[in-house]
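Trainee: Pasting in a structure now, in structure tokens, and then I'll have a few things to ask.
Every number in this text was worked out from the coordinates using simple rules, so none of it is lab data. What you are looking at is a predicted structure, and each value in this text was computed from that prediction instead of being measured. Cβ placement follows ideal geometry from the backbone for every residue including glycine, while neighbour counts extend to all protein chains displayed.
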Amino acid sequence: MVATSKIQNKIASVAKDVLFAPVYLYQGRKIKRDTVRLPEPNGERHGSVQLDHASNESAAQNKPELHIMIVGDSAAAGVGSETQQEALVGKLIPILQQQPTINEQFAVLNWSLQATTGHTSFDILRRLYIMPAPNKPIDVMILSVGVNDTTSSVAVDKWQQQIKDIIAIAQRKFGVRELVFLSLPPMAQMPAIPAPLNNFVGAKSSILDGILQQICMAHKNVTYMATDFPRMIAEHSNGTPIDIKVMFASDGFHPSSLMYGYWAQQLSELIVELLDSSTH
């Protein structure tokens, strides 16, 4: 009976998508035509930060350098913010710089941003193949991927294989100690995507996100970070209802600077936890 019910639900879902296909097509074209194209923000895409070593300079000389690389799509690139200082990398590095654990373990924090608007998992994989191998292994690589795979209708098996290939090349070529994949955003809640298209896109992104989570769980030193939207809303609203639109930029599609800030805070906590666990 359970199997029959699942089959019936699947048939009903397929029938619904077929019925709404013309609507999806119309809405998709309208979004592409009407949505404001936000540029990638200006600002530095690599840097080196001297960490606070307290008063023991000789001990600081014996500490290693921390290498962090952010790779991915427009969200990684900071689209939705006017400058990189207001984007993910610009919010993340200062928070990491203040973490006692990082100051105790490392002398310098080196970071780089390798991200481009519109990049899919295939584009990111190709970028990692083309990039030269780093002089020193990357301690933490952060990856934002999946939104463009959702909108470009990538096949599930291709998505699965390309994520596995990204993990393989990151660990082999870049010597990544800890690889962090950011979860796909709640595409069904994006203000730029109207109903019923939002439900269709949201369902597909959830499928890709679920596969991403499973792959991360199956690989050592690979972590899936589920963005804690309820926490973001709760902390920002301070107990009063707010519109989720504040978490999105003016195009209703990319993160706002506010969301980048919360995202960076959650990510910094995870990075500290991963670095802590790898040294014990």
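Trainee: Over the residues of segment 139-280, compute the C-alpha Rg and express it relative to 2.2 N^0.38 Å. Display every interim value, and only then the final one.
Mentor: Values: Rg = 16.1 Å, N = 142, 2.2 N^0.38 = 14.5 Å.
Here the answer is 1.12, to two decimals.
Trainee: Additional query: Which Cα, out of Ser205, Gln189, Ala234, lies furthest along the positive dipole direction of segment 175-244 (beta carbon charges, K/R +1, D/E -1)?
Mentor: Selected residue: Ser205.
Trainee: State the Cα centre-to-centre distance between segment 205-256 and segment 123-144 in whole Å.
Mentor: With segment 205-256 and segment 123-144 each reduced to a Cα centre, they are spaced 23 Å.
Trainee: Still on this structure: Going down the table (Lys63/Lys91; Lys91/Lys204; Lys136/Lys204; Lys136/Lys220), which pairs top 28 Å between alpha carbons?
Mentor: Numbers: Lys63/Lys91 25 Å; Lys91/Lys204 30 Å; Lys136/Lys204 38 Å; Lys136/Lys220 20 Å.
Listed pairs above 28 Å: Lys91/Lys204; Lys136/Lys204.
Trainee: Next question. Provide the net charge surrounding His67, with neighbours chosen by a C-beta distance below 15 Å and charges set as Lys +1, Arg +1, Asp -1, Glu -1. Each step should come with its number before you reach the end.
Mentor: Details: positive: Arg45, Lys63, Lys136, Lys173, Arg177; negative: Glu65, Asp139, Glu178.
With Lys, Arg at +1 and Asp, Glu at -1, the net is +2.
Trainee: Something else now. Starting from the Kirkwood radius over alpha-carbon pairs of segment 39-139, derive D by Stokes-Einstein at 20 °C in a medium of 1.002 mPa s and give it in µm² s⁻¹.
Mentor: Working: Rh = 14.8 Å.
Estimated diffusion coefficient is 145 µm²/s.
Trainee: Sticking with this structure for a sec: What's the long-distance tail for segment 115-179, i.e. % of Cα pairs beyond 20 Å?
Mentor: Numbers: 540 of 2080 pairs.
When all Cα pairs of segment 115-179 are counted, 26 percent exceed 20 Å.
Trainee: Where a ≥ b ≥ c are the square roots of the eigenvalues of the C-alpha gyration tensor, would you call segment 45-278 rounded, which needs a/c under 1.5, or, failing that, prolate if a/b is larger than b/c, or oblate?
Mentor: On the way: a/c = 2.01, a/b = 1.34, b/c = 1.50.
Cα axes put segment 45-278 in the oblate bin.
Trainee: Assuming R0 = 41 Å, what is the FRET efficiency of Asn199 and Glu82, from their Cβ-Cβ distance, to the nearest 0.05? Display every interim value, and only then the final one.
Mentor: Working: r = 32 Å, r/R0 = 0.78.
Once rounded, the FRET efficiency stands at 0.80.
Trainee: Straight-line reach only, C-alpha to C-alpha below 16 angstrom: list the aspartates and glutamates that Lys173 could link to, leaving out same-chain residues fewer than 8 apart.
Mentor: The qualifying aspartates and glutamates are Asp139, Asp165.
Trainee: Over 19 Å apart: what share of the alpha carbon pairs of segment 57-196 falls there, rounded to a whole percent?
Mentor: Details: 5462 of 9730 pairs.
That fraction is 56 percent.
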